[in-house]
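Worksheet: the structure to be examined is printed underneath.
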Amino acid sequence: MRELTAEQIRASIVNASEAEIERMPLPGLHETVWSEREFLGWRDPAGSARGYIVHWVGDRPVGIMLRAASSPLRPGIGAMCSLCHTPQPSTQVVMFSAARGGDAGRDGNSIGTYICTDLACSIMIRIVPATSELHLHRDELIARRSAGLQQRVEAFTANVLKTA
């Protein structure tokens, strides 16, 4: 992923009001290892249900504001993130919803999907099991997972941007 500035991040959000974007907390950009990210994802550190995803679509960054469901999945069951496809305990995956862009979002239309609670999918796909899937080399496995993650993030964002 290419590096982003605070200004680019704020300008990229497509489904929030100007006031929400102004209040949006930013992650520690100086700590981000951009070469190991398919998207920039973070949660509001103040403990609110808000989360944010920003990624590049062609030559421009596109960002969406998410809201985590208030009721978690039932403890003790397995769950899978729809972006990184990592199976995890249910406490580490949550339903996030995103208002659609434009008039549709202002009319209350939204879309939801299950995502890693901490939005750290880029980290999750880089955790290689002791015996790699199909005996791929580490770099091949991560490249395959990275491509899939990027496709799924782009598809989710495109769905948010649909107006009907």
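The values are calculated or read from the model by the stated rules, or taken from the named source; none is laboratory data. Owing to the predicted nature of the structure, the values given are computational and were not obtained by experimental measurement. Here the Cβ positions follow ideal geometry from the backbone for every residue, glycine too, while neighbour counts run over all protein chains shown.
Can you pull out every residue in region 3-31 that is small (Gly, Ala, Ser) and either modelled with pLDDT of 95 or more or closer than 24 Å to Asp103 by Cα (or both)?
Ala6, Ala11, Ser12, Ala16, Ser17, Ala19
Can you name every residue in region 66-111 that is surrounded by fewer than 12 Cβ atoms within 10 Å (Cβ to Cβ) and assigned to a loop (DSSP other than H, G, I, E, B)?
Ser70, Ser71, Arg74, Pro75, Gly76, Ile77, Asp107, Gly108
In this structure, is Glu20 out of contact with any His (no Cβ under 7 Å at 6 or more places or on another chain), closer than 27 Å to Asn109 by Cα and surrounded by 11 or more Cβ atoms within 10 Å (Cβ to Cβ)?
In short, yes.
Given (1) modelled with pLDDT under 95; (2) surrounded by fewer than 13 Cβ atoms within 10 Å (Cβ to Cβ), identify the lone condition not met by Gln151.
Of (1) modelled with pLDDT under 95; (2) surrounded by fewer than 13 Cβ atoms within 10 Å (Cβ to Cβ), only one is false for Gln151: (1).
Within region 18-35, is there a residue that is assigned to a strand (DSSP E or B), in contact (Cβ under 8 Å) with a residue 40 or more places away in the chain and among the aliphatic types (A, V, I, L, M)?
No, because not a single residue in region 18-35 is assigned to a strand (DSSP E or B), in contact (Cβ under 8 Å) with a residue 40 or more places away in the chain and among the aliphatic types (A, V, I, L, M).
Of the numbered conditions (1) within 24 Å of Val128 (Cα to Cα); (2) not in a loop (DSSP other than H, G, I, E, B), Val62 fails exactly one; give the number of that condition.
(1)
Regarding region 10-17, can at least one residue be identified that is of a type in the set (Ser, Thr, Tyr) and either surrounded by 19 or more Cβ atoms within 10 Å (Cβ to Cβ) or not in a loop (DSSP other than H, G, I, E, B) (or both)?
yes
Tell me which residues, restricted to region 53-65, are under 13 Å from Gly41 (Cβ atoms) and exposed (fewer than 15 other Cβ atoms within 10 Å of the Cβ).
Hits for region 53-65: nothing passes.
Within region 122-141, which residues are modelled with pLDDT of 85 or more, assigned to a helix (DSSP H, G or I) and buried (at least 17 other Cβ atoms within 10 Å of the Cβ)?
Answer for region 122-141, where residues must be modelled with pLDDT of 85 or more, assigned to a helix (DSSP H, G or I) and buried (at least 17 other Cβ atoms within 10 Å of the Cβ): Ser122, Met124.
Please verify whether region 113-121 includes one or more residues that are in contact with an Asp or Glu (Cβ under 9 Å, 6 or more places away or on another chain) and at pLDDT 95 or above.
Checking region 113-121: at least one residue is in contact with an Asp or Glu (Cβ under 9 Å, 6 or more places away or on another chain) and at pLDDT 95 or above.
Check whether at least one residue in region 96-114 is polar (S, T, N, Q) and free of Cβ contacts under 8 Å to residues at least 12 places away in the same chain, and report yes or no.
Checked against the condition, which is being polar (S, T, N, Q) and free of Cβ contacts under 8 Å to residues at least 12 places away in the same chain, region 96-114 yields at least one hit.
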